1. Could you tell me whether any residue of region 19-36 is among the β-branched types (Val, Ile, Thr) and loosely packed, with under 14 Cβ neighbours inside 10 Å?
2. Would you pick out the residues in region 76-132 that are at pLDDT 80 or above and either of a type in the set (S, T, N, Q) or on the phi > 0 side of the Ramachandran plot (or both)?
3. Filter region 38-95 down to the residues that are surrounded by 13 or more Cβ atoms within 10 Å (Cβ to Cβ), within 33 Å of the chain's Cα centre (by Cα) and among the hydrophobic types (A, V, I, L, M, F, W, C) and list them by number.
4. Residues of region 33-56 being in contact (Cβ under 8 Å) with a residue 40 or more places away in the chain and within 15 Å of Met23 (Cα to Cα), which ones?
Amino acid sequence: MPRRKTSTSPRPYRYSVQLPELMADTAHLEPAELGCYMRLLFSYWRSGAPKNDDRTLARITGLPIKEWSAIRPEIEVFFDVDREWIHWRTDDDLLAAYEAINGNKKRTVAAREAKKRLAKERDSACDSACDNERDSACNTFLTVSKSEQQNHLAKPKAVFVSTDAELELAVSAIESGFGGGK
């Protein structure tokens, strides 16, 4: 598996260990050996497969090279060693984590686009409804006599009208004198 670049994608922040499997696989290890194995796994998760270099591996495990060389045969059996120390279970876990990250990104982008599209549709529907109401209000105002137009202009009223029926009701109330327009 190719080495992952840490700069191009966010690293999964959570590393989980299957404790029963870990304990079953490592029951024969000394505490220092288990600690080295775990540090190699943590480093693998964070930075990818380590190179097959004793200085690098000793640095990761926190041991001097002599101590690392003594422990290496016990730890090496958990990895496929060539130019890098490959741990297939951790690779599978990393792959699943990256798939989850990418799936979340895709869902987030889709949700954002849907939200923008709905807001744009809502705004255009609201604009067209407002335009229709203004047009009908203008048409109604033009059908009123000149004296009534002068009366409306002389005594402006704040009337919120949301439908044509409410507009007709407001106009008839004003015409009949109940709206206080005369």
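1. no
2. Scanning region 76-132 gives Thr90, Thr108.
3. Selection gives Met38, Leu40, Leu41, Phe42, Trp45, Ala49, Ile86, Leu94.
4. Glu33, Tyr37, Leu41
The values are calculated or read from the model by the stated rules, or taken from the named source; none is laboratory data. These figures come from a predicted structure and were not determined experimentally. Here Cβ is always computed from backbone atoms with ideal geometry, including for glycine, and neighbour counts include all displayed protein chains.
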